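Following: one structure in structure tokens, then a few remarks.
The values are calculated or read from the model by the stated rules, or taken from the named source; none is laboratory data. Being a predicted model, the structure only gives us computed values, none of them experimental. All Cβ positions, even for glycine, are placed from backbone atoms using ideal geometry, and neighbour counts span all protein chains on display. Ligands, DNA and RNA are excluded from the accessible area calculation, which covers all protein heavy atoms including side chains. Shrake-Rupley method; radii C 1.70, N 1.55, O 1.52, S 1.80 Å.
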Amino acid sequence: MSEKRGRLAAYWERRQERLDEIERKRALRLPTWRTRKRRRTLSVLVLLGDLVLIAGAAFFRTGHEPVFFLGWFGGCVLAGGAHYLLRILTGKMSGGFSLRLDEREREWRHRATFIGYQVLVALMMIAVLYSLIVADTEDGGARGAMMACALLVTGTTLAGVLLGWSLPDDDPEDFEGVTPA
């Protein structure tokens with residue numbers, strides 16, 4: 001049993017070292033963008049993309065698929081691209097293990113995740129109600145599914161948006177003497 005624990009501990013250490021190396025590389029990306037203003041701009045872009053997805057789901061009708069999918073694809077690109085950049089800029093706060101965060105960062109992330117979870121639950125309730133309302137209409141099933149997808153994407157991006165909006169500027173001293181690989 002202790003041999004198995006030793007192997008597991010060694011595996012965990014290698015995994016942590018690999019994640020730390022990935023985080024160090026990611027932390028060097030976009031150093032001039034690491035300001036509150038840039039993160040807030042990206043947060044707004046994520047929310048705009050989410051709203052485009054929700055609007056597309058609300059106005060979905062068969063027979064208008066090309067227009068719908070252009071808008072839906074545009075919302076996906078806008079929200080997805082901005083969220084990807086936002087995750088880079090928030091770094092380990094949005095994607096790391098809690099053990100790698102200090103107490104302040106851990107509290108910030110837990111708060112944002114908790115709020116995001118509560119909003120996600122509310123959005124899923126809205127999706128269920130919307131699906132019940134449109135169930136008897138033409139394309140009711142597809143419209144309900146599209147709305148559920150749009151609200152799910154919105155709910156899952158919310159924690160990153162909250163972190164991007166509320167985090168202070170990074171300390172410039174953290175990047176002194178560091179050169180990108």
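Some points to look at:
- Residue count for region 118-151 satisfying the condition of being closer than 29 Å to Lys37 by Cβ and in contact with a helix residue (DSSP H, G or I) (Cβ under 8 Å, 6 or more places away or on another chain): 5.
- Scanning region 21-56 for residues being surrounded by 14 or more Cβ atoms within 10 Å (Cβ to Cβ), over 28 Å from Gly144 (Cβ atoms) and of a type in the set (D, E, K, R) gives a total of 7.
- Residue that is modelled with pLDDT of 75 or more and among the aliphatic types (A, V, I, L, M), where the choices are Ala27, Ala9: Ala9
- Ala150, sole failed condition from (1) in contact (Cβ under 8 Å) with a residue 60 or more places away in the chain; (2) over 25 Å from Ser166 (Cα atoms); (3) assigned to a helix (DSSP H, G or I): (2)
- Within region 105-128, residues that are more than 15 Å from Thr90 (Cβ to Cβ) and part of a helix (DSSP H, G or I) reach partners that are open to solvent by less than 70 Å² (accessible area, probe 1.4 Å) and β-branched (Val, Ile, Thr) with beta carbons closer than 8 Å, at six or more positions or on different chains, in the pairs Leu123/Thr154.
- Ser94 buried (at least 16 other Cβ atoms within 10 Å of the Cβ), out of contact with any strand residue (DSSP E or B) (no Cβ under 9 Å at 6 or more places or on another chain) and either at pLDDT below 75 or among the β-branched types (Val, Ile, Thr) (or both): yes
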